[in-house]
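Student: I'd like to ask you about the structure that follows.
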Amino acid sequence: MLLKAGFRSKLPRVGTTIFTKMSRLAEEHKAINLAQGFPEFDCAPELQKLVGKYIAQGKNQYAPMAGVMALREAIAKKVFIATSKEYHPETEITITSGATEALYVALSTVVHPGDEVIVFEPAYDSYVPAIELNGGIPVFVTLHPQYDWIDWQDVRSKIGPRTKAVIINTPHNPTGNVWKLSDLQELASIAEKHDLIVISDEVYEHIIFDGREHISTASIPELAGRTFLCGSFGKTFHTTGWKIGYCLAPKQLTAEFRKIHQFLVFSVVTPIQFAMAEYLEEPEHYLGLSAFYQQKRDLFNHAIGDIGFTLKSSEGSFFQNVSYEKLTDENDRQLAERLTIEAGVASIPVSVFYNEITNYQTLRFCFAKNDDTLLRAAELLGKVVW
């Protein structure tokens, strides 16, 4: 049946995501999928056993809307140890269906029609649709895909009377950059001056390299009091399919956040929440993650070192950007597709993370894979005729 005239898409510019497209293309051509950001390896057997334990105990009905208290308490303890910031598990921590839901609800809580939100691009692809679905207007601060520093004067120039919020991501997807303390201090100064809300995407907080430190918004009082801090266990524990995330925010903001959360998912899968709460009792389950992934980053970068790519080693996350400007003039979408079909290695063209069509001649590879997969991918890339 045809719809009557008058139906309008709320996201007319949005189609199937590049992650779905490239993963489908990889499957069609039996290519190694270094495009979509998911680990090739499984989560710890101990964590799997804990989920089974709580299923067997009958923890299979609705969890509390805000989340299982044991998990909220475990998160509060974990964050306090890392940042010295106390979040009250009853009134300031909410368990969500992954970080994507947390980010969407946070933006829905803040953004009214006509409000502007500062977005640093390249930006993860869920940010702008969430802003636009709530009637907001994204205002872009454009960074190079291998940027070294942020022009904070440019940020200030983008703020106007309708600016309501800023969304940030550190460690950053897709660039792999990690914000410095000076960056967060600049953000705090701007947010206080203009009374802005901050939405902070910190899902890669435990994947950070070369002795760097993840500086959370929670550790800066001037930011913590106005920030929705969004996190996820999917990246930390290799469980992206479980969709367990969380949002930390001051009591007043959390109360408004939960008004929306309750009508999106109400509550998140119960036995996994209990399992995560118990698993978090041992900090070594996540404190060794940086070393684990740094080895994979170094292995991959060394293996592709002679191909002719230009790269700055990722500072965090499990993504590595590479520039191919010395090899070919192709745009990144064309090259990503050609490498998938001809070389058998799928990547993501970084231009998709920008609002306007760009061609920085940069591809993003995910190195959250087994070592033999990374070495095989590098071997195949080395055989490409440029």
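Student: Pairs, please: C-beta under 6 Å, at least 6 apart or cross-chain, first residue assigned by TED's automatic domain parsing to the domain that holds Gly344 and in the range 26-50, second crowded, with 17+ Cβ neighbours inside 10 Å and acidic (Asp, Glu)?
Tutor: Pairs that qualify, where the first residue is assigned by TED's automatic domain parsing to the domain that holds Gly344 and the partner is crowded, with 17+ Cβ neighbours inside 10 Å and acidic (Asp, Glu): there are none.
Student: Say we look at the range 311-360 and pick out the residues that are hydrophobic (A, V, I, L, M, F, W, C), modelled with pLDDT of 95 or more and over 27 Å from Pro129 (Cα atoms); which of these is surrounded by the most Cβ atoms within 10 Å (Cβ to Cβ)?
Tutor: Looking at residues that are hydrophobic (A, V, I, L, M, F, W, C), modelled with pLDDT of 95 or more and over 27 Å from Pro129 (Cα atoms), I get Val345.
Student: List pairs: first in the range 101-123 and at positive phi and touching a residue at least 24 places away in the same chain (Cβ under 8 Å), second surrounded by fewer than 23 Cβ atoms within 10 Å (Cβ to Cβ) and β-branched (Val, Ile, Thr), Cβ under 9 Å, 6+ apart or cross-chain?
Tutor: Close Cβ pairs (under 9 Å, with a partner that is surrounded by fewer than 23 Cβ atoms within 10 Å (Cβ to Cβ) and β-branched (Val, Ile, Thr)) amount to Gly114/Ile137.
Student: Here's something else I'd like to know. Given the conditions (1) within 16 Å of Gly98 (Cα to Cα); (2) in contact (Cβ under 8 Å) with a residue 60 or more places away in the chain; (3) out of contact with any helix residue (DSSP H, G or I) (no Cβ under 8 Å at 6 or more places or on another chain); (4) not aliphatic (A, V, I, L, M), report the number of the one that Arg297 does not fulfil.
Tutor: Among (1) within 16 Å of Gly98 (Cα to Cα); (2) in contact (Cβ under 8 Å) with a residue 60 or more places away in the chain; (3) out of contact with any helix residue (DSSP H, G or I) (no Cβ under 8 Å at 6 or more places or on another chain); (4) not aliphatic (A, V, I, L, M), the lone unmet condition for Arg297 is (1).
Student: Then there is this: Count, please, the residues in the range 326-349 that happen to be under 27 Å from the mean Cα position of the chain (by Cα) and not in a helix (DSSP H, G or I).
Tutor: Of the residues in the range 326-349, 7 are under 27 Å from the mean Cα position of the chain (by Cα) and not in a helix (DSSP H, G or I).
Student: Suppose the filter is touching a residue at least 12 places away in the same chain (Cβ under 8 Å), aromatic (Phe, Trp, Tyr) and over 19 Å from Leu184 (Cα atoms); does Tyr147 pass it?
Tutor: So Tyr147 fails the test.
Student: Among what's in the range 145-162 and is of a type in the set (Val, Ile, Thr) and out of contact with any His (no Cβ under 6 Å at 6 or more places or on another chain), pick the residue that is farthest from Gln361 (Cα to Cα).
Tutor: Step by step, filter the range 145-162, then rank; the result is Val155.
Student: Follow-up question, since we're still on this one. Take Lys53 and tell me if it is of a type outside the set (Phe, Trp, Tyr), touching a helix residue (DSSP H, G or I) at 6+ places or on another chain (Cβ under 6 Å), more than 30 Å from Glu379 (Cβ to Cβ) and touching a residue at least 24 places away in the same chain (Cβ under 8 Å).
Tutor: Against the criterion (of a type outside the set (Phe, Trp, Tyr), touching a helix residue (DSSP H, G or I) at 6+ places or on another chain (Cβ under 6 Å), more than 30 Å from Glu379 (Cβ to Cβ) and touching a residue at least 24 places away in the same chain (Cβ under 8 Å)), Lys53 does not qualify.
Student: Scanning the range 238-249 for residues that are part of a loop (DSSP other than H, G, I, E, B) and touching a helix residue (DSSP H, G or I) at 6+ places or on another chain (Cβ under 8 Å), which turns out surrounded by the most Cβ atoms within 10 Å (Cβ to Cβ)?
Tutor: Top of the filtered list is Ala249.
Student: Going by what's in this entry, would Thr83 be described as of a type in the set (Val, Ile, Thr) and closer than 30 Å to Arg338 by Cβ?
Tutor: In short, no.
Matching residues to (1) among the hydroxyl-bearing types (Ser, Thr, Tyr); (2) under 21 Å from the mean Cα position of the chain (by Cα):
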position: Glu192; (1), (2): no, no
position: Val203; (1), (2): no, yes
position: His206; (1), (2): no, yes
position: Ile215; (1), (2): no, yes
position: Glu222; (1), (2): no, no
position: Pro250; (1), (2): no, no
position: Glu278; (1), (2): no, no
position: Glu281; (1), (2): no, no
position: Ser290; (1), (2): yes, yes
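Student: Scan the range 46-69 for residues that are assigned to a helix (DSSP H, G or I) and loosely packed, with under 15 Cβ neighbours inside 10 Å and jot them down.
Tutor: Matches in the range 46-69: Glu46, Gln48, Lys49, Gly52, Lys53, Ala56.
Student: State which residue is surrounded by the most Cβ atoms within 10 Å (Cβ to Cβ) when the search covers only the range 140-197 and only residues that are among the hydrophobic types (A, V, I, L, M, F, W, C) and assigned to a helix (DSSP H, G or I).
Tutor: If we take residues in the range 140-197 being among the hydrophobic types (A, V, I, L, M, F, W, C) and assigned to a helix (DSSP H, G or I), then Leu187 is surrounded by the most Cβ atoms within 10 Å (Cβ to Cβ).
Student: Here is a follow-up. Checking the conditions here, which among Ala82, Ala26, Ala74 is in contact with a Leu (Cβ under 6 Å, 6 or more places away or on another chain), surrounded by 15 or more Cβ atoms within 10 Å (Cβ to Cβ) and of a type in the set (A, V, I, L, M)?
Tutor: Going through Ala82, Ala26, Ala74 in turn, just one is in contact with a Leu (Cβ under 6 Å, 6 or more places away or on another chain), surrounded by 15 or more Cβ atoms within 10 Å (Cβ to Cβ) and of a type in the set (A, V, I, L, M): Ala74.
Student: Would the range 309-328 turn up any residue that is without any contact (Cβ under 8 Å) to a residue 24 or more places away in the chain, charged (D, E, K, R) and farther than 22 Å from Pro45 by Cα?
Tutor: Yes; the residues of the range 309-328 include at least one that is without any contact (Cβ under 8 Å) to a residue 24 or more places away in the chain, charged (D, E, K, R) and farther than 22 Å from Pro45 by Cα.
The values are calculated or read from the model by the stated rules, or taken from the named source; none is laboratory data. Quick caveat: nothing in here was measured; it's all calculated off a predicted structure. Counting neighbours? That spans all protein chains shown, and the Cβs are built from the backbone with ideal geometry, glycine included.
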